[in-house]
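Written below as structure tokens is the structure these notes are about.
The values are calculated or read from the model by the stated rules, or taken from the named source; none is laboratory data. Please read all numbers here as calculations on a predicted model, not as lab measurements. Positions of Cβ are generated from backbone atoms using ideal geometry, with glycine treated the same way; all protein chains shown enter the neighbour counts.
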């Protein structure tokens, strides 16, 4: 499970995690120990997939579309900037003064958030994708052996990413993408033609989303907060439809 599940997505659940760590009743194992514990083995060819894989991703053969969508220009520029940062550090000699700092900055910048939140499938955050692009740009600018041409290229990519993201918001492209790629799992749960979902379940989801909305507003992630607000409105509408049919 993701570490962020404990405490971030599920406030208070981190206490349970700490209790599990301290418990002597629950045996633990490292990945390298698993073959000794599970003797039966079977050779297979795993399908390229992620925890957010949707059926249409398999059909299109784009299992990682929320991180690397071929049709998403922001994604493609972010990856171009990513590989520029990686190449800059790789071509710098480890003994060069300033290498250690550049390498540490690269390690910190290589997280998946900027790609995920640039997908609008259905989540979008200008703040997070800008922050990610800025971190990658700073890696190039702080790599001692990076040429002036490479540094200028990184800065230009950063500007293009931010300007295009602003255009996506300004001209309604983000809104259209969010509607098109609204999470299949949530849609399935809210489908009134699906097996009956009691109103209390809707209320639990609404309350959870409301907490996340308030947390985003508190940290000034207003784009994310507005998306949570919109989802809450849709949930309330669906819940009311269910209540009318009871």
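Points to keep in mind about this one:
- Residue check for residue 65: more than 21 Å from the chain's Cα centre (by Cα), in contact (Cβ under 8 Å) with a residue 12 or more places away in the chain and within 30 Å of residue 163 (Cβ to Cβ): no
- In segment 23-40, the count of residues that are assigned to a loop (DSSP other than H, G, I, E, B), free of Cβ contacts under 8 Å to residues at least 60 places away in the same chain and surrounded by 10 or more Cβ atoms within 10 Å (Cβ to Cβ) is one or more.
- Boolean, residue 53 is surrounded by 10 or more Cβ atoms within 10 Å (Cβ to Cβ), in a helix (DSSP H, G or I), out of contact with any helix residue (DSSP H, G or I) (no Cβ under 6 Å at 6 or more places or on another chain) and without any contact (Cβ under 8 Å) to a residue 24 or more places away in the chain: no
- Residue match in segment 121-143 (condition: loosely packed, with under 14 Cβ neighbours inside 10 Å and without any contact (Cβ under 8 Å) to a residue 40 or more places away in the chain): no
- The listed residues are 107, 113, and the only one of them that is more than 12 Å from residue 74 (Cβ to Cβ), at pLDDT below 95 and assigned by TED's automatic domain parsing to the domain that holds residue 83 turns out to be 113.
- When residues in segment 144-158 are screened for being in contact with a helix residue (DSSP H, G or I) (Cβ under 9 Å, 6 or more places away or on another chain), surrounded by fewer than 20 Cβ atoms within 10 Å (Cβ to Cβ) and in a helix (DSSP H, G or I), 4 of them pass.
- Residue 215 being at pLDDT 85 or above, assigned to a helix (DSSP H, G or I) and either closer than 18 Å to residue 128 by Cβ or touching a strand residue (DSSP E or B) at 6+ places or on another chain (Cβ under 7 Å) (or both): yes
- Flag if residue 80 is closer than 30 Å to residue 156 by Cα and crowded, with 18+ Cβ neighbours inside 10 Å: no
- Of all residues in segment 219-246, those that are in a helix (DSSP H, G or I) and in contact with a helix residue (DSSP H, G or I) (Cβ under 9 Å, 6 or more places away or on another chain) total 19.
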